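Asks: Input: one structure, supplied below.
The values are calculated or read from the model by the stated rules, or taken from the named source; none is laboratory data. Model, not experiment: these values are computed from the prediction. No Cβ is skipped: glycine too gets one built from the backbone with ideal geometry, and neighbour counts run over all protein chains shown.
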Amino acid sequence: MHRSHRLASLNRGAVPTLACINQATTPLDINFDTLVRALQSYVSQHVAPVWGTNARLVKSASFMPGAWALVFLDDADAPGALAYHDLTPDGLPQAKVFVRTLLGSGETVSGAASHELVEMLVDPGLNLLALGPDGTSMLAYESADPVEGLHFAVHGLPMSDFVYPAYFEAFREPGSALFDHLGSVRRPFEILPGGYQSVYKDGAWTEFFGSAAKRDRFLCEDRRSHRSEQRARAAPKRADVSAIARPVTNATDGTGCSRALLL
Ligand SMILES: [Zn+2]
């Protein structure tokens, strides 16, 4: 890795450039330029004032040296999709949005992309945790999962609600602070009905759900390459550009539903 890239990746005060790369053959539900502009406003006007994590989003045809990445793919079974792995070829943060998967489940591209974006900016190393209220469990420092399913409009596009720093502060009394952008969360560590939380305890990760309906939906989702699965892996892998260029169709193992239920 070039020295300047390494320094940029470690400097939390720096504003990273983030390459938005659309490799999906499935038509998006929104023009890609419009989406990138709206995501930029989401980050700069909503996320950065709260978390101090701004970013400069640019549309790009491929990975950019020194830049983080937000990659749009059809699904985890698309040729070459799994070769994107966890990080950019430079070893910098990368998020993926599976367009066909999410549109098939009634979600929006902007909702899913903003979810991944805010979580990547708040915890780019996928390794932050907060000590839970019981003093023994560790909660994943994910900013969109507990409020998943709630959105607000940016440039007319639905964008993911996200929690505020106070969400992870156990000393906060209920209703005493703003715990999420929409003001829907009333207390620290609350999981809203459409949300979930990844909890690390006794060396293992467990998902806690805000409702039985959310649990049932979650178990039927294709979770491959989601942050919760990447977090559980010990060593994140860089994107393999040569494997992406020479795609091999990945073997499928049935629907996300049957696979998840087998776990
Ligand atoms: Zn998430």
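Asks: Could you give me the residue pairs with C-beta distances under 9 Å whose first residue belongs to the stretch 95-115 and is under 17 Å from Ala83 (Cβ atoms) and small (Gly, Ala, Ser), whose second residue is part of a helix (DSSP H, G or I) and at pLDDT below 95 wherever it lies, and which are 6+ apart or on separate chains?
Replies: Ala95/Arg227
Asks: Looking only at the stretch 242-263, which residues are surrounded by fewer than 14 Cβ atoms within 10 Å (Cβ to Cβ) and at pLDDT 75 or above?
Replies: If the condition is that a residue be surrounded by fewer than 14 Cβ atoms within 10 Å (Cβ to Cβ) and at pLDDT 75 or above, then Ser242, Ala245 are the ones that fit.
Asks: Sticking with this one: Can you run down the residue pairs with Cβ atoms below 9 Å, 6 or more apart or on separate chains, where the first is in the stretch 211-230 and without any contact (Cβ under 8 Å) to a residue 12 or more places away in the chain and over 26 Å from His85 (Cα atoms) and the partner is assigned to a helix (DSSP H, G or I) and within 16 Å of the ligand (Cβ to nearest atom)?
Replies: That search, which allows pairs on different chains as well, returns nothing.
Asks: Working only within the stretch 161-177, note down all residues that are of a type outside the set (A, V, I, L, M, F, W, C), assigned to a loop (DSSP other than H, G, I, E, B) and touching a residue at least 60 places away in the same chain (Cβ under 8 Å). Walk me through it before giving the result.
Replies: Step one: list which residues in the stretch 161-177 are of a type outside the set (A, V, I, L, M, F, W, C), which gives 161, 164-165, 167, 169, 172-176.
Cutting the leftovers down to assigned to a loop (DSSP other than H, G, I, E, B) gives us 161, 164, 169, 172-176.
Correct list: Tyr164 only.
Asks: Kindly establish whether Ser184 is farther than 20 Å from Asp222 by Cβ, modelled with pLDDT of 95 or more, small (Gly, Ala, Ser) and away from the ligand (no atom under 16 Å from the Cβ). Outline the logic, then answer.
Replies: On the way: farther than 20 Å from Asp222 by Cβ: yes; modelled with pLDDT of 95 or more: yes; small (Gly, Ala, Ser): yes; away from the ligand (no atom under 16 Å from the Cβ): yes.
In short, yes.
Asks: Being within 14 Å of the ligand (Cβ to nearest atom) and either in contact with a Gly (Cβ under 7 Å, 6 or more places away or on another chain) or within 24 Å of Leu87 (Cα to Cα) (or both): is that true of Ala235 here? Let's see the steps before the verdict.
Replies: Numbers: within 14 Å of the ligand (Cβ to nearest atom): no; either in contact with a Gly (Cβ under 7 Å, 6 or more places away or on another chain) or within 24 Å of Leu87 (Cα to Cα) (or both): yes.
Against the criterion (within 14 Å of the ligand (Cβ to nearest atom) and either in contact with a Gly (Cβ under 7 Å, 6 or more places away or on another chain) or within 24 Å of Leu87 (Cα to Cα) (or both)), Ala235 does not qualify.
Asks: Mind listing just one residue for me: the one in the stretch 194-210 that is surrounded by fewer than 17 Cβ atoms within 10 Å (Cβ to Cβ) and in contact (Cβ under 8 Å) with a residue 24 or more places away in the chain and, of those, farthest from His151 (Cα to Cα)?
Replies: Here the residue is Lys201.
Asks: For Pro158, which of the numbered conditions (1) within 14 Å of the ligand (Cβ to nearest atom); (2) not in a loop (DSSP other than H, G, I, E, B) fails to hold?
Replies: Unmet condition: (1).
Asks: Which strands (runs of 3 or more DSSP E) does the stretch 53-145 wholly contain that include 3 or more residues that are more than 16 Å from the ligand (Cβ to nearest atom) and buried (at least 20 other Cβ atoms within 10 Å of the Cβ)?
Replies: On the way: elements: 56-59, 68-73, 94-98, 129-131, 138-140.
Once the strands (runs of 3 or more DSSP E) in the stretch 53-145 are filtered for at least 3 residues that are more than 16 Å from the ligand (Cβ to nearest atom) and buried (at least 20 other Cβ atoms within 10 Å of the Cβ), what remains is 68-73.
Asks: Another question, if that's okay. What do you reckon, is Ala166 surrounded by 13 or more Cβ atoms within 10 Å (Cβ to Cβ) and either within 16 Å of the ligand (Cβ to nearest atom) or closer than 21 Å to Ser137 by Cβ (or both)? Break it down stepwise before answering.
Replies: Numbers: surrounded by 13 or more Cβ atoms within 10 Å (Cβ to Cβ): yes; either within 16 Å of the ligand (Cβ to nearest atom) or closer than 21 Å to Ser137 by Cβ (or both): yes.
Yes, satisfied.
Asks: Another one. Just for the stretch 146-155: of the residues that are among the aliphatic types (A, V, I, L, M) and in contact with a Gly (Cβ under 8 Å, 6 or more places away or on another chain), which one is farthest from the ligand (Cβ to nearest atom)? Outline the logic, then answer.
Replies: Keep residues of the stretch 146-155 that are among the aliphatic types (A, V, I, L, M), which gives 147, 150, 153-154.
If we keep only those that are in contact with a Gly (Cβ under 8 Å, 6 or more places away or on another chain) too, we end up with 147, 150.
Details: Val147: 10, Leu150: 13 Å.
Of everything passing the filter in the stretch 146-155, Leu150 is farthest from the ligand (Cβ to nearest atom).
Asks: Filter the stretch 178-192 down to the residues that are surrounded by fewer than 18 Cβ atoms within 10 Å (Cβ to Cβ) and either hydrophobic (A, V, I, L, M, F, W, C) or free of Cβ contacts under 8 Å to residues at least 24 places away in the same chain (or both), then identify the one that is nearest to Leu150 (Cα to Cα).
Replies: Step one: of the stretch 178-192, the residues surrounded by fewer than 18 Cβ atoms within 10 Å (Cβ to Cβ) are 178, 182-184, 186-187.
In the following step, the residues that additionally are either hydrophobic (A, V, I, L, M, F, W, C) or free of Cβ contacts under 8 Å to residues at least 24 places away in the same chain (or both) were identified as 178, 182-183, 186-187.
Working: Leu178: 15, Leu182: 8, Gly183: 11, Arg186: 15, Arg187: 17 Å.
Looking at residues that are surrounded by fewer than 18 Cβ atoms within 10 Å (Cβ to Cβ) and either hydrophobic (A, V, I, L, M, F, W, C) or free of Cβ contacts under 8 Å to residues at least 24 places away in the same chain (or both), I get Leu182.
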